[in-house]
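These notes are about the structure you will find just below.
The values are calculated or read from the model by the stated rules, or taken from the named source; none is laboratory data. Just so you know, these numbers come straight off a predicted model, no measurement behind them. Here the Cβ positions follow ideal geometry from the backbone for every residue, glycine too, while neighbour counts run over all protein chains shown.
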Amino acid sequence: MAKYLIDEVKFSGPTQTTPATKKLCKMFGIDDPPPERKIIESDEIIIDKGQIVYITGASGAGKTLLLNQLQNKIPGVVELADCEEIYNSPVLDYFRGDLSGAIKWLSRAGMNDAFALLNTGAKLSCGQLFRFRLAKIMEQQPAAICIDNFCDSIDRVTAAVVAFNIRKFANEYKTIFIVASNHDDIMEELEPDVVVIKHLGSGCDIMYPRPEGDE
């Protein structure tokens, strides 16, 4: 189990004043735009091997900033967005080992439609490409996986399947998952160990809903 410090993050204020910005400030009762705005307060998150950290909150609240901080602090992390682009060959051909191994990892990522598996990466939908990349990263069995916009591009039934499978994968391989999403409809299937609710402004709530050792 390790403690990770969340660093304070501030953004600078407007670089210039225009008639439009003056009018907006007057509309909202702001005398002068502040020189800087705090986005994230300093805090601490405790994460153990095989745990899932779920970062949620409104759009623009700072979820990605928080996820990026943890990504840079946790050793051995792999980011889904960094997965190699796949275009020219059937998705089955990008996995090590035999056909059954490729199907195993793709199924764990919620991708088991035969026609999708025969496609090249260039023909996959956004949701299929998300699941394909997830399968490729799960095959690597890294120490930690970071995923922004988690399951945002897939239908909610499939999202629940992916969340359930990720919970099983984290338990089995002791991989840490750090995921961020606007959605909170898959919490039951994902069973996160740490829930971070990022509020608009600088505050966030950090909760540990799963009792230690509960798998």
Would you confirm whether any residue within region 121-142 is more than 23 Å from ALA61 (Cβ to Cβ) and touching a strand residue (DSSP E or B) at 6+ places or on another chain (Cβ under 6 Å)?
-> yes
Single residue of THR21, THR64, THR56 found to be at pLDDT 80 or above and crowded, with 17+ Cβ neighbours inside 10 Å = THR56
Show the residue pairs that are 6+ apart or on different chains and have beta-carbon atoms under 6 Å apart, the first residue being within region 86-111 and in contact (Cβ under 8 Å) with a residue 12 or more places away in the chain, the second being assigned to a loop (DSSP other than H, G, I, E, B) and aliphatic (A, V, I, L, M).
-> TYR94/ILE86
Counting only residues that are under 17 Å from the mean Cα position of the chain (by Cα) and surrounded by fewer than 20 Cβ atoms within 10 Å (Cβ to Cβ), region 104-128 contains a total of 2
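Here's the yes/no breakdown for (1) in a helix (DSSP H, G or I); (2) touching a residue at least 24 places away in the same chain (Cβ under 8 Å); (3) touching a helix residue (DSSP H, G or I) at 6+ places or on another chain (Cβ under 9 Å); (4) not polar (S, T, N, Q):
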site: THR158; (1), (2), (3), (4): yes, yes, yes, no
site: ILE166; (1), (2), (3), (4): yes, yes, yes, yes
site: HIS183; (1), (2), (3), (4): no, yes, yes, yes
site: ILE197; (1), (2), (3), (4): no, yes, no, yes
When residues of region 93-128 are filtered for being polar (S, T, N, Q) and closer than 23 Å to ARG167 by Cα, how many remain?
-> 4
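So that you can scan it fast, the table gives a plain yes or no per residue for (1) aromatic (Phe, Trp, Tyr); (2) at positive phi; (3) surrounded by 21 or more Cβ atoms within 10 Å (Cβ to Cβ):
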position	(1), (2), (3)
CYS151	no, yes, yes
VAL157	no, no, no
ALA160	no, no, no
ASN165	no, no, no
LYS168	no, no, no
TYR173	yes, no, no
ILE178	no, no, yes
ASN182	no, no, no
Under the condition of being of a type in the set (Val, Ile, Thr) and part of a helix (DSSP H, G or I), which residue from region 94-137 is farthest from ASN149 (Cα to Cα)?
-> ILE103
Residue in region 50-84 that is farthest from LEU5 (Cα to Cα), counting only those that are in a loop (DSSP other than H, G, I, E, B) and out of contact with any Lys or Arg (no Cβ under 9 Å at 6 or more places or on another chain) | SER59
Members of region 104-138 found to be of a type in the set (D, E, K, R) and in contact with a Gly (Cβ under 8 Å, 6 or more places away or on another chain), listed by number = ARG131
Taking region 154-181 and keeping residues under 12 Å from the mean Cα position of the chain (by Cα) and not hydrophobic (A, V, I, L, M, F, W, C) leaves SER181
